[in-house]
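> My structure is below; once you've seen it, I'll send some questions.
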Ligand SMILES: *Cc1c(COP(=O)(O)O)cnc(C)c1O
């Protein structure tokens, strides 16, 4: 079933790319595996997937040892500073940097471990109270302040759009994130590139692709509804 779901998502990605005149290779599918058991991750792996997204450090650390070593783990959830040390070395990208203090902690742990971690700045485009992320009018300042830190490399922006039954209604947020990335990119800040736009989930990834997403994060559409216990 997971294989079929992935095929279905893949077809939808391809048609969104066609509509937007984009090449399929510009869009990376991250399979969001939070709460799902290792067997399901293995099925996705066997269907060819290599980019997996989790929102808890403990869950990455628990699942990773029993799964193939070439999986690229993305940290997509809110990150507490006291969990950063455990995460360093386990992830190819942290999508959820939303404060200078967090960026500083990642920086110092990365330096200690002798690695450079690609990070994205999470922006709360819709200004939702319930969501993490910096307000869009503070993103540039956070990028500037974090850009001087060693051990991290800012590669773009991420947003979690509001939950909606009508994906079109999220188009302005995706377009807004792209425009913000273009604006920040034009400042030519050292150690900063704005090539990555992590946006779009099961309900709205096609609209996100049309608006320039380079990384979409799809959970339910591949693994089914999540049950939180
Ligand atoms: C859970 C989650 C997703 C996946 O959501 P679906 O609607 O299940 O596709 C994407 N991004 C983040 C940050 C998440 O926490």
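The values are calculated or read from the model by the stated rules, or taken from the named source; none is laboratory data. In this text the structure is predicted, and so the values were computed from the model without any measurement. Cβ: placed from backbone, ideal geometry, glycine included. Neighbour counts: every protein chain shown.
> Out of (1) within 15 Å of the ligand (Cβ to nearest atom); (2) at pLDDT 95 or above; (3) surrounded by fewer than 18 Cβ atoms within 10 Å (Cβ to Cβ), the odd one out for residue 168 is which?
With respect to (1) within 15 Å of the ligand (Cβ to nearest atom); (2) at pLDDT 95 or above; (3) surrounded by fewer than 18 Cβ atoms within 10 Å (Cβ to Cβ), residue 168 is out only on (1).
> Please work out if residue 195 is farther than 18 Å from residue 138 by Cβ and in a strand (DSSP E or B).
Spelling it out, residue 195 is indeed farther than 18 Å from residue 138 by Cβ and in a strand (DSSP E or B).
> Go through (1) closer than 18 Å to residue 123 by Cβ; (2) in contact with a strand residue (DSSP E or B) (Cβ under 6 Å, 6 or more places away or on another chain); (3) part of a loop (DSSP other than H, G, I, E, B) and name the single condition residue 202 misses.
(1)
> Could you tell me whether the stretch 33-50 includes any residue that is without any contact (Cβ under 8 Å) to a residue 40 or more places away in the chain, buried (at least 17 other Cβ atoms within 10 Å of the Cβ), touching a helix residue (DSSP H, G or I) at 6+ places or on another chain (Cβ under 9 Å) and in a loop (DSSP other than H, G, I, E, B)?
Among the residues of the stretch 33-50, not one is without any contact (Cβ under 8 Å) to a residue 40 or more places away in the chain, buried (at least 17 other Cβ atoms within 10 Å of the Cβ), touching a helix residue (DSSP H, G or I) at 6+ places or on another chain (Cβ under 9 Å) and in a loop (DSSP other than H, G, I, E, B), which makes the answer no.
> Can you pull out the helices (runs of 4 or more DSSP H) entirely within the stretch 52-117 that have at least 2 residues that are within 13 Å of the ligand (Cβ to nearest atom), within 20 Å of residue 37 (Cα to Cα) and at pLDDT below 95?
Output list is empty.
> In addition: Test of understanding: among 175, 181, which residue is out of contact with any strand residue (DSSP E or B) (no Cβ under 8 Å at 6 or more places or on another chain) and away from the ligand (no atom under 16 Å from the Cβ)?
175
> Hey, any hits in the stretch 177-188 for a residue that's part of a loop (DSSP other than H, G, I, E, B) and either at negative phi or surrounded by fewer than 18 Cβ atoms within 10 Å (Cβ to Cβ) (or both)?
Yes, the stretch 177-188 contains a residue that is part of a loop (DSSP other than H, G, I, E, B) and either at negative phi or surrounded by fewer than 18 Cβ atoms within 10 Å (Cβ to Cβ) (or both).
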